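**Q** For reference, the structure I am asking about is given below.
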Amino acid sequence: MTAMSAEELAALFKSWGEPAFRATQLRDFVFRQGVASYEQVTNLSKELRQRLSREAPLYELAPVETSAGDEATKWLWRAGDGALIESVQIRAPERVTSCLSSQVGCAMGCAFCATGSSGFERNLQAHEIVEQYLQMWGRSTTRSSHVVFMGMGEPLLNYDAVLAAVRTLNSPPPQGAGIAARRITLSTIGIVPGILRLATEKLQVELAVSLHAPDEETRGQLIPAAKRYPIRDIMAAVEEFSRRARRLVTYEYVLLAGVNDSPEQAGELIGLLQTHPCKANLIPFNPVAGCAYQRPALKDQERFKAILEKAHIPTTIRYSKGGSIDAACGQLRRRVAGTT
Ligand code: SAH
Ligand code: SF4
């Protein structure tokens, strides 16, 4: 059902002799309450719910596996064509965040990322993205206040479907889930045309840019596919975005011991970030099977942070909440698909 537009759903109801407002009632219920199945849509008759289950299933993604920790629950889904995708719900005292996938696999091939080493299969469709949010809500009975595109895939390489999903998540019921755009973050490895296009949208979404190194050589080692977009082009695109969208951009930086965590590299990073209002988010490396990188010692993480802060760049260190549940992007899928 999530794959159908409001018009298609109304037409289906009409063909069954049901009034069009019932289709609106159904969409309103699904986007306002968060349900796991039609059984919970209590404002429709039992017969209608049974017919819907048979002829227009509520969701396409089937849950394959769930792993729950104290602060996060991760789901692995199987799409209609057998593709495996992951989503995580992260619970903090002040917010609940749905971390969504935008592609099956990823073509960027980042050396530290479980998704990157699995290769690219296909783009997700808009409804497969929206469903991740709705199903986690329905199955956990906890509504996420925030959405981040930090699961599998590069959202700006699946631009149209991701933007369509963002619009649905953002629109008020019965069109969508009514999440404020400022609570939706797109995380990109630095796809310059995508960042420039996003700057022209009338949408107040947050942008996070995965920089990971201040120089081309180190960055090229970590992100082979990103050589197409030199750092200075990325910075120019981000400055354009933050000027036009008037948003404060966040830079993500995975800290890898002995690779990108030296005081000199922190100094170089300051040179790049000082030119425009932004924040830095340091992510200590989350170990990936078969990947030789190491997480820096705590004191080295703190040293890096202190150098940025001294230059008045607001900096946080973010620990992956789901370390114990394979929550780093692509890990659960790799284990279940047997490709580790
Ligand atoms: N493709 C997008 C969004 C998905 S990845 C991007 O790269 O920005 C979301 C974030 O998780 C990125 O900042 C990425 O660098 C980070 N990440 C991936 N693998 C990681 C790992 N093993 N440890 C820590 N962070 C990781
Ligand atoms: Fe793709 Fe992001 Fe993983 Fe790089 S870090 S391989 S861009 S999902």
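**Q** Among 57, 63, which is the only one that is open to solvent by 30 Å² or more (accessible area, probe 1.4 Å) and in a strand (DSSP E or B)?
**A** 63
**Q** Based on what the data block shows, is residue 277 near ligand 1 (Cβ under 10 Å from one of its atoms) and at pLDDT below 95?
**A** no
**Q** Assuming residue 191 fulfils every condition listed in (1) in contact with a strand residue (DSSP E or B) (Cβ under 6 Å, 6 or more places away or on another chain); (2) under 22 Å from residue 110 (Cβ atoms) apart from one, which condition is it?
**A** (1)
**Q** If I ask for residues that are touching a Cys at 6+ places or on another chain (Cβ under 8 Å) and open to solvent by less than 30 Å² (accessible area, probe 1.4 Å), which ones from the range 102-112 would you list?
**A** The answer is 106, 112.
**Q** Out of curiosity, is residue 120 aromatic (Phe, Trp, Tyr) and within 11 Å of ligand 1 (Cβ to nearest atom)?
**A** In short, no.
**Q** Taking the range 219-236, which residues are away from ligand 1 (no atom under 14 Å from the Cβ) and touching a His at 6+ places or on another chain (Cβ under 9 Å)?
**A** Matches in the range 219-236: 235 only.
**Q** Can you name every residue in the range 219-246 that is aromatic (Phe, Trp, Tyr) and open to solvent by 70 Å² or more (accessible area, probe 1.4 Å)?
**A** none
**Q** Output the residues belonging to the range 148-200 that are away from ligand 2 (no atom under 16 Å from the Cβ), within 13 Å of the chain's Cα centre (by Cα) and open to solvent by less than 20 Å² (accessible area, probe 1.4 Å).
**A** 163, 165, 166, 169, 184
**Q** While we're looking at this one, here's another question. Residue pairs, Cβ under 6 Å, 6 or more apart or interchain, first in the range 21-40 and aliphatic (A, V, I, L, M), second surrounded by fewer than 16 Cβ atoms within 10 Å (Cβ to Cβ). List them.
**A** If the second residue must be surrounded by fewer than 16 Cβ atoms within 10 Å (Cβ to Cβ), no pairs are left.
**Q** Turning to a different aspect of this structure: Those residues that are part of a helix (DSSP H, G or I) and in contact with a Gly (Cβ under 8 Å, 6 or more places away or on another chain), I need them from the range 205-225; list them, please.
**A** Within the range 205-225, 224, 225 qualify.
**Q** Applying the selection to the range 113-129, what residues are in a helix (DSSP H, G or I) and either at pLDDT below 95 or open to solvent by 10 Å² or more (accessible area, probe 1.4 Å) (or both)? It would help to see each step written out before you state the result.
**A** Applying the first criterion (in a helix (DSSP H, G or I)) to the range 113-129 yields 116-118, 126-129.
Within the range 113-129, 116, 117, 118, 126, 127 qualify.
The values are calculated or read from the model by the stated rules, or taken from the named source; none is laboratory data. All values derive from a computational prediction rather than experimental measurement. Positions of Cβ are backbone-derived with ideal geometry, glycine not excepted, and every protein chain shown enters the neighbour counts. The protein model used for the area step is the full one, side chains on, heavy atoms only, and it has no ligands, DNA or RNA in it. Shrake-Rupley method; radii C 1.70, N 1.55, O 1.52, S 1.80 Å.
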